[in-house]
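Contents: one structure, followed by commentary.
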Amino acid sequence: MTPSQQPARPPEPAAQSLTTNQGLPLPDNHNSLKAGLRGPTLMEDFILREKITHFDHERIPERAVHARGAGAHGFFQVYEDMGGLTKAHFLSNPGVQTPVFVRFSTVAGSRGSADTARDARGFAVKFYTAEGNYDLVGNNIPVFFIQDAIKFPDLVHAVKPEPHNEIPQAASAHDTFWDFVTLMPESTHMLMWVMSDRAIPRSLRMMEGFGVHTFRMVNAKGDASFVKFHWKPLLGTHGLAWDEAQKLAGKDADFHRRDLWEAIDSGNFPEWELGVQVVPEEDEFRFNFDLLDPTKLIPEELVPVRRIGRMVLNRNPDNFFAETEQVAFHPGHLVPGIDFSNDPLLQGRLFSYTDTQLSRLGSANFHELPINQAKCPMHNFQRDGMHRQTVNRGRVAYEPNTLATGSEFRLDGTQAQPKGFSSVHETLESPKIRQRSPSFDDHFSQARMFWLSQTEPEQDHIVAAFQFELSKLETPAIRQRMVDNLAHVDGQLAVRVAAPLGIGAPDKQAATLWSGFRAAPHPVDVQPSPALSMAQAPGGNIATRKVAILVANGVDAASVQAVQQALTDAGASSKVVAAALGTVQAADGALLPVDCSLLTTPSVVFDAVFLPCMGAHAAAMAADGDAVHFVLEAYKHCKTIAACGSGAGLLASLGVGLVTEPGVVLPLPGVVLAAAGELPTGFAPAFIQAMGQHRHWGRNGLATVPA
């Protein structure tokens, strides 16, 4: 059928006013109903509940968001009694290990999408405490796109595949997403994070976690403090190169879940420290941002992160579906001593998560699934329903009663020291209002702080990410809106992003004409926060890093074995890679087993490469296109490369700038060359030290490397 023969599409619908499903005109589609500007969201907001209920039930059975996940069991142990801060029992006894189950996830993609898509990652921890289950449901980014939960369905609809063609999968590089966020300047800070390397972590074991929202901790005296939660990985925080992440999506779509599984299976248990930023209630308003705004973070330089305990993941699930897929998290699963704030995004989540589980897991009895069961005694008079497994005995299913034990009589909450959970006492504002607090209006200062905190290579990556995403858009006006918004973050950033996009110069004034723009002035004292840069973090050890040892016939087996031993001693692992499986014949005639072939094992699954001496056979390897590509690709992705003997000659012959003129070797970042006659035991420490920096982002001329 030719284009002229195709049936005409129906006309686009005329512009319409927004209404509820019952036809009621909406007064405001951006703000939930609250008790005062900064008060909690009200249960009576039927508009919010209708919108989120419909959204929560859109997809069955996979999660509407966070569908792609991996999980593991472990334990949490507090370092010292935190009773001065909270009465939560699991944070009071350093001698107790609290069981946990953790689920990591991407947000936008389906269950079958790739692990390494550019996306925020879910970081959800279920603590099975002696006082009930506590869920800390966060992300690997400390802020979020929106300020009010009523916008969450819009955000997800925008970032999901476009509904007319279900394209693209697990990607934000399309018109509807950027159309939405360019009209929501509050998203700008989150966009800076998502366009950074934080959105493409090297490993789930090497990413931070954040509670995102401001919560409260309450001690036994009833004293409350505001708190932000952090998870700090002991292996450091590291990212992938964007080209590498894209290739991994095709080479090994399960890269992150495989990495997590194999690490635990081999006894290299991932570990994080739980940190808290504590703000006394009396200091709630001392910052130039609002603690209740989920698009803002507290710079660690203003409030240091206090590390209070550790979490170790030491057991893989027995069954993916029964545990990782059926686990049900909810930010409203609390224990005494931890409470909410009035963050309007968090307030909406308190409704949404239970509603979602009813759809996904089919019943209000989802708490009876083994992975969701509390490990402490549980008793109430909730009964029956689909999938009920508990067999309740007796005739009484109500309270108060005298026909059973009568021990369940309620506590009316009037005691000075109430048992169980008690909400923080606070005076609420009035009147009821559907409006955003003016204290939420500054959308650009922290985005600018994040930009200024990055090193030059990290800034380059952010610019490249914006350019990639915006280049995918079909609508030039959306590209223009984005760079106009970025001009309020940093003028040079906006100019650099705009350069290849075929649009006009960034225009700060144009951005102010959109209705979502807030005319909040930037604080004059925006300062960089070094804690926001991954590159400025101290170099870590190389535990669990993976090294490829590229070999051919004639290889020096002694150097291979020496480097393998040094890597093992440092906690890393290595694989011998050759053109084919089987063995290669070493220079001394011995047969060296090959672990992987170039046919099936790309460089992107390794963290570093070692090129041992291969004697006369180095020339043959230099003529092998797969081997050349393997080395050049690792170099282009800024990984550490070590070489000795003819291996160094092979590297120099590939045109990566090692040799400027005959006999003159130019040192390059992350390239470790053995001196003439130097034994592997001599240069192995330098190789390991270079690997500890993770990547060498400062390499120049990478655009000319053909890989």
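Worth pointing out:
- Each label was represented as a point 7 Å from its Cα along the Cα-to-Cβ direction; for Glu62 and Ile167 these points are 1.9 nm apart.
- In segment 268-339, chymotrypsin sites (Phe, Trp or Tyr not before Pro) in a DSSP loop with at most 12 other beta-carbon atoms within 10 Å: Phe285
- Solvent exposure ordering (accessible area, 1.4 Å, most first) of Leu513, Leu345, Leu26: Leu513, Leu26, Leu345
- Which of Tyr353, Tyr134 is most accessible, then next, and so on - probe 1.4 Å: Tyr353, Tyr134
- Options Ala224, Val305, Val279, ranked by Cα towards positive dipole end of segment 223-308, top entry (Cβ charges): Val305
- Relative contact order %, the chain, counting alpha carbon pairs below 8 Å whose residues are six or more apart: 13
- With 20 Å as the limit on Cα-Cα distance, the pairs of Lys232/Lys575; Lys87/Lys221; Lys247/Lys546; Lys251/Lys639; Lys251/Lys636 that go past it are Lys232/Lys575.
- Subtracting the Cα-Cα distance of Phe46 and Arg286 from their residue separation scaled by 0.36 nm leaves 83.0 nm.
- Applying the criteria of a DSSP loop state and at most 14 other Cβ atoms within 10 Å to the chymotrypsin sites (Phe, Trp or Tyr not before Pro) of segment 419-510 yields Phe421.
- Cα-based shape type of segment 588-707, given that a ≥ b ≥ c are square roots of the gyration tensor eigenvalues and the cut on a/c is 1.5: rounded
- Whole-angstrom gap from segment 133-198 to segment 18-32, using each part's C-alpha centre: 22
- Å² of accessible area per residue within the chain, as computed with a 1.4 Å probe and no ligands counted: 43
- Accessible surface of segment 167-314, 1.4 Å probe, proportion on carbon and sulfur as whole %: 51
- Tilt relative to the chain, helix 255-265 - C-alpha long axis, 0 to 90 degrees, to 10: 90
- FRET efficiency for Phe269 and Asn401, using Cβ-Cβ distance with R0 set to 45 Å, rounded to 0.05: 0.40
- Once backbone amide H atoms are built at 1.01 Å from N, Ala64 has no partners under 5 Å, excluding neighbours fewer than 5 places away on the same chain.
- Length available on full extension from Asp28 to Ala590: 0.36 nm per residue minus the Cα-Cα distance, which gives 194.7 nm.
- Modelled FRET efficiency - R0 56 Å, Gln536 with Asp384, Cβ distances, 0.05 increments: 0.50
- Look at where the Cα atoms of segment 232-271 and of segment 468-486 average out, and the two centres are 31 Å apart.
- Length gained on full extension, Glu262 to Ala543: 99.8 nm, using 0.36 nm per residue less the C-alpha separation.
- Ranked by the mean number of other Cβ atoms within 10 Å of their residues, highest first, the peptides 194-201, 224-231 fall in the order 194-201, 224-231.
- Shown is the FRET efficiency for Arg518 and Val391, computed with R0 = 56 Å from the Cβ-Cβ distance and rounded to the nearest 0.05: 0.50.
The values are calculated or read from the model by the stated rules, or taken from the named source; none is laboratory data. Being a predicted model, the structure only gives us computed values, none of them experimental. Cβ atoms come from the backbone with ideal geometry, glycine included; neighbour counts cover every protein chain shown. Accessible surface areas use protein heavy atoms only, side chains included; no ligands, DNA or RNA. Shrake-Rupley method; radii C 1.70, N 1.55, O 1.52, S 1.80 Å.
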